[in-house]
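The next block holds one structure in the form of structure tokens; read it before the comments.
The values are calculated or read from the model by the stated rules, or taken from the named source; none is laboratory data. No experiment lies behind these values; they were computed from the predicted model shown. Virtual Cβ from ideal backbone geometry, glycine too; neighbours counted across all protein chains shown. Each accessible area value is taken on the protein alone, full model and side chains, heavy atoms only, with ligands, DNA and RNA left out. Shrake-Rupley method; radii C 1.70, N 1.55, O 1.52, S 1.80 Å.
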Amino acid sequence: MLGARGAALARGLRGMTHSWRRDSRALALVRAVGASRAGHGQAPAGPGPRRRRLSLSAAAVVDSAPRPLQPYLRLMRLDRPVGTWLLYLPCTWSIGLAAEPGCFPDWYMLSLFGTGAVLMRGAGCTINDMWDRDYDKKVIRTANRPIAAGDISIFRSFLFLGGQLTLALGVLLCLNYYSIALGAASLLLVITYPLMKRITYWPQLALGLTFNWGALLGWSAIKGSCDPSVCLPLYFSGIMWTLIYDTIYAHQIYTLDIDRPEDCWDKFTSNRTLGLIVLLGIVLGNLWKEKKTDEVKKSIDSRIES
């Protein structure tokens, strides 16, 4: 009986082997036919062309804008928004410090100053490129800027600058009279900063004076005037901060790899995160201030009752 079962098992195995071989030959034939058709102009089976990934980065948004609009967006540096953040953050610090104890910063003022930062940074970049157009043509890094590359004429750049400044004036007019005068005073810095690198080895200082003007303006927009004991230390601290990050941008810092431009850029852009951390500390400190104030009030009331 065992011998009969063994023989039956052997026949079954041989049948499976023959079947597997037939299937393998059939599969090979199918593949050969497919390859032959592909060689005659038919696309072989396989993954098609990769689709472009959807990106929400500032550069991707600018690239997806209508083509006639793109040079103007690049002139404003909307494809590189870190400069706008560095202009905006000192404003948020002073707005946060001016908030009432236990309250969040004024959201209307934050949005208003955010709009103003985009417009004024764009205007500053436009002025800079107008001043430096002849120099930018001779430098690889700046030769593709819209004015230097001839994508925007000087006349159109003047018109574009006027439009940006007009919109920025509309934002400024939403503030109190003291802040309007204070904000208008910063225009002199915005216009003259691009010239500083021609006459001094400290253009970063001029940039610091310009970019941190919002440390004064944000407080006055909330309070109606500047408190020197608050605004001046914040303003000068911001200037020192600008000296650091703009030196990184200009390639000198101990931890900087001067041979790797991407390392310079990463360290420069990291200051946006630093500024947001400072803002978070200001907001949390202000919220904690109310908690401490409530505790003091309760202790005083309890003492009076006793």
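Just checking, how many residues over the range 88-102 are closer than 14 Å to Gly281 by Cα and open to solvent by 60 Å² or more (accessible area, probe 1.4 Å)?
Summing the residues that are closer than 14 Å to Gly281 by Cα and open to solvent by 60 Å² or more (accessible area, probe 1.4 Å) in the range 88-102 gives 1.
Given the condition more than 26 Å from the chain's Cα centre (by Cα), open to solvent by 70 Å² or more (accessible area, probe 1.4 Å) and of a type in the set (S, T, N, Q), answer yes or no: does some residue in the range 217-230 qualify?
Yes, because at least one residue in the range 217-230 is more than 26 Å from the chain's Cα centre (by Cα), open to solvent by 70 Å² or more (accessible area, probe 1.4 Å) and of a type in the set (S, T, N, Q).
From the list Arg80, Arg121, which one is under 13 Å from Phe211 (Cα atoms) and either open to solvent by 50 Å² or more (accessible area, probe 1.4 Å) or charged (D, E, K, R) (or both)?
Arg121
Among the aromatic types (Phe, Trp, Tyr), open to solvent by 30 Å² or more (accessible area, probe 1.4 Å) and either part of a helix (DSSP H, G or I) or in contact with a Ser or Thr (Cβ under 9 Å, 6 or more places away or on another chain) (or both): does that describe Trp85?
Yes; evaluated as a whole, the condition is true for this residue.
Quick one: which residue in Ala123, Ala117 is in contact with a Phe, Trp or Tyr (Cβ under 8 Å, 6 or more places away or on another chain) and part of a helix (DSSP H, G or I)?
After applying the criteria, what remains is Ala117.
On the basis of being open to solvent by 20 Å² or more (accessible area, probe 1.4 Å), farther than 27 Å from Arg67 by Cβ, of a type outside the set (A, V, I, L, M, F, W, C) and under 23 Å from the mean Cα position of the chain (by Cα), does Tyr193 make the cut?
yes
Here's a check for you: in the range 126-148, which residue that is β-branched (Val, Ile, Thr) and either under 16 Å from Phe158 (Cα atoms) or in a helix (DSSP H, G or I) (or both) is nearest to the chain's Cα centre (by Cα)?
Thr126
Restricting to the range 252-292, and then to whatever is polar (S, T, N, Q) and modelled with pLDDT of 70 or more, can you tell me which residue is farthest from Pro105 (Cα to Cα)?
My answer is Gln252.
Test each condition in (1) at pLDDT below 95; (2) assigned to a helix (DSSP H, G or I); (3) under 30 Å from Pro233 (Cα atoms) for Arg80 and report the one that comes out false.
Result: Arg80 passes all but (2).
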